[in-house]
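Quick notes on the structure that follows.
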């Protein structure tokens, strides 16, 4: 009974994983994870690259590890016009079911000068993904001899036929509107859609399970604080299938130090026991030369149990502006 229950729980939990994309807490500050319109966002021929590592629920057997790496570069031509391009790599692994997801994306964003300080950045993302479930490692019901306790090596269960990885083409798009004022105030807002082509991610041969599109809307407002310091207000709304998430937060920068806090909420309230506030997420960072180091921790506010929270570590690099009279700082 316990083995069958474990298999049922395994399949149920993995269905939830397949239906939703991995989301990073620090996507409020590294928006390349959500929107291809941010390819080359720093302008002036600068190169922006980085890596994020996320560990979710390390205190449970359901521990999830996710890594994301990206590289993008801007190319400038004309009076404020240009484009950006780049690549990203995602790796996602869930320990209990041994479910894995790997994806490589190529991004392109065009920069259009709308005059009056406004810029428009439409972007597109094309990638190849693979998902695997390691079915060959499962022990299925007809392999178990209850009387003797012997585990047979063979099975006639159709799940055993699904040993192949699922490969799929994935297409997404996004837009960003941006404006910078002379007094150091900057703001932008954008929206994106992932999985426009609804790729089939079914592990069962001959069946079709379209991946739900992920809709995202986000915005930032950054302004000076006490002359040399700054405050950045952030917001992000995500919708995929029946689930949505709204994040609201702020990032304070004092010299090379950064301190941020974000509230993650669940406006949908899919069940009667759903919590509106799901976590409070703290962030600390340090800028050293051209690098930025970040560490965040999500403190769960629901009754899910002692999960030990969610940890994220990030390192990003931004090359210096060689075409500027004076080297300017990051936009984000």
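The values are calculated or read from the model by the stated rules, or taken from the named source; none is laboratory data. Since the model is a prediction, treat every value here as computed from it, not as a measurement. All Cβ positions, even for glycine, are placed from backbone atoms using ideal geometry, and neighbour counts span all protein chains on display.
Any residue at all in the stretch 25-39 that is farther than 30 Å from residue 76 by Cα and at pLDDT below 95? Yes, there is a match, as at least one residue in the stretch 25-39 is farther than 30 Å from residue 76 by Cα and at pLDDT below 95.
Whenever a residue of the stretch 20-46 is without any contact (Cβ under 8 Å) to a residue 60 or more places away in the chain, its partners that are part of a loop (DSSP other than H, G, I, E, B), lying with C-beta atoms within less than 7 angstrom and at least six residues away or across chains, give the pairs 33/24.
Can you find a residue that is modelled with pLDDT under 95, exposed (fewer than 15 other Cβ atoms within 10 Å of the Cβ) and over 22 Å from the mean Cα position of the chain (by Cα) anywhere in the stretch 125-135? For the stretch 125-135, residues modelled with pLDDT under 95, exposed (fewer than 15 other Cβ atoms within 10 Å of the Cβ) and over 22 Å from the mean Cα position of the chain (by Cα): present.
Quick check on my filter: what residues within the stretch 251-272 are exposed (fewer than 15 other Cβ atoms within 10 Å of the Cβ) and without any contact (Cβ under 8 Å) to a residue 24 or more places away in the chain? Within the stretch 251-272, 261, 267, 269, 271, 272 qualify.
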